[in-house]
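The values are calculated or read from the model by the stated rules, or taken from the named source; none is laboratory data. Here the structure is a predicted model, which means the values were calculated and not measured. Note that we place each Cβ from the backbone using ideal geometry, even for glycine, and neighbour counts take in every protein chain shown. Ligands, DNA and RNA are stripped out before the accessible areas are found, and what is left, the full protein with its side chains, is counted by its heavy atoms. Shrake-Rupley method; radii C 1.70, N 1.55, O 1.52, S 1.80 Å.
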Amino acid sequence: MPLQMTAIPCLRDNYAYLLHDPATGRTGVVDVPDVAPIHDALDAAGHRLSDIFITHHHDDHIGGVMRLQEDTGAAIWGARADAHRLPPLDHALGEGDTVRLGSQEGVVIDVPGHTIGHIAFHFPESGLAFTADSLMALGCGRLFEGTPAQMWDSLCKLMALPDETLICSGHDYSQGNAGFALHVDPGNAALQARVTQMQADRAANRPMAVVPLALEKATNPFLRAGQDYLKQAHDRVGVSDAEMFACLRGMKDTF
Ligand code: ZN
Ligand code: FE
């Protein structure tokens with residue numbers, strides 16, 4: 001039985017994700033930007049929190065972890081590499097490690113770039129991947145700590161997941177990301193269609209931080225750094241895919 005996932009808007013444009021395993025009743029949350037919205041979602045569903053999964057050390061992802069842990073006694077899972085700057089971990093994780101939420105297993109993917117020690121969680125049976133500020137809807141996280149080559153490597157690992165995987169990211173930056181994507185890849189018909197759909201979604205207040213991987217691969221310019229037509233359009237014929245990614249990320253930083 002797959003996990004039930006609920007996206008919880010927090011702070012200005014963050015998302016936390018509630019995960020419920022119907023087989024066992026165990027309930028987890030991915031990232032804790034804020035405490036109150038998560039308590040509200042737990043109360044509304046009548047679930048008790050058992051596990052907290054942390055993607056990376058930034059305050060807008062862990063700011064509420066300690067209070068939520070005190071309130072619920074939930075176990076905390078996070079990257080071993082960042083243990084010195086995360087709340088005390090019950091389970092320290094690295095690349096390829098598994099996490100467990102009731103009957104469901106998740107796999108840890110090391111995705112450095114935005115920060116060193118950023119991890120993603122992939123729950124294959126549920127077709128869900130929690131990527132926070134690595135791969136984001138129509139974009140990717142800013143490189144605060146890692147190199148472009150590290151982030152490109154991280155994105156390539158995520159691109160290798162099954163196409164139907166739902167990518168659940170840490171923010172909704174879709175409006176700004178859409179403008180940049182159209183700027184660098186104006187002839188992409190799938191991108192044009194997506195941006196049109198996004199306008200309808202935004203008008204209807206539908207969350208836009210959860211997107212199938214196949215759609216990201218077709219429209220997210222950072223996942224298309226390996227496409228020859230993009231290199232050609234930006235005078236980068238013959239550069240490596242990682243170099244093309246670095247070029248696009250640099251353009252976005254000053255867009
Ligand atoms: Zn961050
Ligand atoms: Fe963030």
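Overview of values
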| read-out | value |
| --- | --- |
| Flag for residue 162 being touching a Pro at 6+ places or on another chain (Cβ under 9 Å), in contact (Cβ under 8 Å) with a residue 40 or more places away in the chain and open to solvent by 10 Å² or more (accessible area, probe 1.4 Å) | yes |
| Candidate set from the stretch 149-174 (those that are modelled with pLDDT under 95 and assigned to a loop (DSSP other than H, G, I, E, B)); member that is farthest from ligand 2 (Cβ to nearest atom) | 172 |
| Residues being among the polar types (S, T, N, Q) and open to solvent by 10 Å² or more (accessible area, probe 1.4 Å) - total across the stretch 122-159 | 3 |
| Residue, modelled with the highest pLDDT, within the stretch 205-217, restricted to residues that are charged (D, E, K, R) and open to solvent by 20 Å² or more (accessible area, probe 1.4 Å) | 217 |
| Selection count, the stretch 218-240, where residues are surrounded by fewer than 15 Cβ atoms within 10 Å (Cβ to Cβ) and in a helix (DSSP H, G or I) | 4 |
| Every pair of residues 6+ apart whose Cβ atoms lie under 6 Å, when the first sits in the stretch 60-77 and is away from ligand 2 (no atom under 16 Å from the Cβ) while the second is among the β-branched types (Val, Ile, Thr) and assigned to a loop (DSSP other than H, G, I, E, B) | 67/35; 68/32; 68/35 |
| Within the stretch 100-121, considering residues that are crowded, with 20+ Cβ neighbours inside 10 Å and over 19 Å from residue 145 (Cα atoms), the one nearest to ligand 2 (Cβ to nearest atom) | 121 |
| Residue 146 in a loop (DSSP other than H, G, I, E, B) and within 16 Å of ligand 1 (Cβ to nearest atom) | yes |
| For residue 168: the one exception among (1) over 17 Å from residue 111 (Cα atoms); (2) within 16 Å of ligand 1 (Cβ to nearest atom); (3) among the hydrophobic types (A, V, I, L, M, F, W, C) | (1) |
| Identity of the residue in the stretch 31-52, of a type in the set (A, V, I, L, M, F, W, C) and more than 19 Å from residue 70 (Cβ to Cβ), that ends up least open to solvent (accessible area, probe 1.4 Å) | 45 |
| Flag if residue 78 is more than 25 Å from residue 251 (Cα to Cα), open to solvent by less than 40 Å² (accessible area, probe 1.4 Å) and touching a Pro at 6+ places or on another chain (Cβ under 8 Å) | yes |
| Residue in the stretch 56-66 that is β-branched (Val, Ile, Thr), open to solvent by 10 Å² or more (accessible area, probe 1.4 Å) and either modelled with pLDDT of 95 or more or in a loop (DSSP other than H, G, I, E, B) (or both) present | yes |
